[in-house]
Amino acid sequence: MSLFLASAIFADDGLLFKDDFTIAKLEGRRLSRGDWTIADGVATCTQDDEIFKKYDDHGPIIRYDVLHTNSTVRFSFKPDGAKMFVFTTNSEKEHVFRFIITSAGMSIRAFPPDNSGKSIALTLEKVLMKEGEWVTVEVKFEGSEVSVKIGDYPEKKYQDASFDRPKVNLTIGFSYGTLGVKDLLVRK
């Protein structure tokens, strides 16, 4: 009886995916384009320049295979010399949503299905990475609206009809230096 109750509570939680980085291999998580280390609740990778060139100047990435549409994604990251941080969600065939943080700020991008895979930059925000500090990210998808909250910066909402479609995975990536990632959750 208590097993059933625990299962019912877990199901009502709306949890779609959790990665607390306590085990090296986790079904649904793929570490690529670098030598990722999983230890003490953190995934860490330092960009390898040869691998970066091999993948057309794309840095290390973590891919999560999790089906979601209206959902909340939460995680923390810590840059150490990283010059670019990228968060992307993808449909079965193409990108759906992306934000990129560089020294210029944070760019929010939409990928309309009829745009041949090209993105549309919606805005550039004054959000910068904090070197050597853990920064918590929360991205909420609700229909055609996405809200993004990064660290101490105010939450902002963005609208595009292309956001309102099923997503089959999400990725966390970076370029240059080292990046740590921890505490990833995806909820309905």
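Just a few scattered comments:
- Checked against (1) outside any strand (DSSP E or B); (2) more than 24 Å from PRO166 (Cα to Cα), PHE77 passes all but condition (1).
- Conditions (1) within 27 Å of LEU26 (Cβ to Cβ); (2) at pLDDT 95 or above; number of the one not met by GLU94: (2)
- Check on THR46, surrounded by fewer than 16 Cβ atoms within 10 Å (Cβ to Cβ), of a type in the set (Ser, Thr, Tyr) and more than 15 Å from the chain's Cα centre (by Cα): no
- Looking only at segment 56-91, residues that are over 22 Å from VAL127 (Cα atoms), modelled with pLDDT of 95 or more and of a type in the set (Asp, Glu) come to 1 in all.
- Check on PHE77, of a type outside the set (Asp, Glu), under 20 Å from SER32 (Cβ atoms) and touching a Leu at 6+ places or on another chain (Cβ under 8 Å): yes
The values are calculated or read from the model by the stated rules, or taken from the named source; none is laboratory data. Since this is a predicted model, take the numbers as computed values, not measurements. Positions of Cβ are backbone-derived with ideal geometry, glycine not excepted, and every protein chain shown enters the neighbour counts.
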